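The values are calculated or read from the model by the stated rules, or taken from the named source; none is laboratory data. Model, not experiment: these values are computed from the prediction. Every residue, glycine among them, receives a Cβ derived from its backbone with ideal geometry; neighbour counts consider all protein chains shown. The protein model used for the area step is the full one, side chains on, heavy atoms only, and it has no ligands, DNA or RNA in it. Shrake-Rupley method; radii C 1.70, N 1.55, O 1.52, S 1.80 Å.
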Amino acid sequence: MRRQREDINPSENVIKRPLYWVVALSFMFLAGFVACLAPGGTGPYDDLEELFYSIAGFSIWLFFTVIVFVLLVMQLYIYLRFKLVIHQKGFSVTPIWSATHDVPFSAVKKVTHKRFSKKGAYIEIEYENKKVRIPYVVNWHGEFKQEGFEVLLRKFEDYQITVNEEFEWL
């Protein structure tokens, strides 16, 4: 299905997943890579490293680095793939595993705004026996970092779709 062309302002009408997992895993990958290149020392974990090497035949840091690299690639795929584009009378969802589809606002059955902390959590949209969960982050002033969430919540308000707000402690 081809999407119709509209003037899309990416900062307002496109919502992507936050980038924080990609950044955190990148730092972990770099730390593991440096640890793989560093010569063995007399640290407190040398016995554990020697035990792992005697069992597996390779360094524990190589194992750690490969695991973090796989997680980083998965998070990059999720970040680059998932997208929600807000249109005049609906929105287009590009989920992680399936094809892009358009959803009119009239097909939305339930919207839940879940908060875990002051920093944010996610908005869950249920429609046509499907569910989309969009995590978000807020800034120091309590405003969404992505302007698209404000636009999406305003659209739900314009179409008289109730947004259930829930607060859960971690």
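Compared with the dominant Cα axis of the chain, that is its longest principal axis, helix 60-81 is turned about 10°.
Between helix 46-56 and the chain there is an angle of about 80 degrees, using the helix long axis and the longest principal axis of the Cα atoms. For the chain, the average shadow cast by the Cα convex hull is 14.2 nm², which is a quarter of the hull's surface. Between the helical axis of 20-37 and the longest alpha-carbon principal axis of the chain there is an angle of about 10 degrees.
Leaving out ligands, DNA and RNA, and with a 1.4 Å probe, what % of the accessible surface on the chain is carbon or sulfur? List each step's numbers first, then the result.
On the way: 7090 of 11780 Å².
Its accessible area is 60 percent carbon and sulfur atoms.
Computed over protein heavy atoms with a 1.4 Å probe, the accessible surface of the chain works out to 69 Å² per residue.
Taking the Cα centre of the chain as origin, sum charge times position over the Cβ atoms of Lys and Arg (+1) and Asp and Glu (-1), and report the length of that vector in debye to the nearest 20. Numbers along the way, then the final one.
Working: 20 positive and 19 negative charges, 155 e Å.
For the chain, the charge dipole is close to 740 debye.
Going down the table (89/145; 16/114; 110/131; 110/130), which pairs top 19 Å between alpha carbons? Listed pairs above 19 Å: 89/145. Counting 0.36 nm for each residue step from residue 20 to residue 63 and taking away their Cα separation leaves a gain of 13.2 nm.
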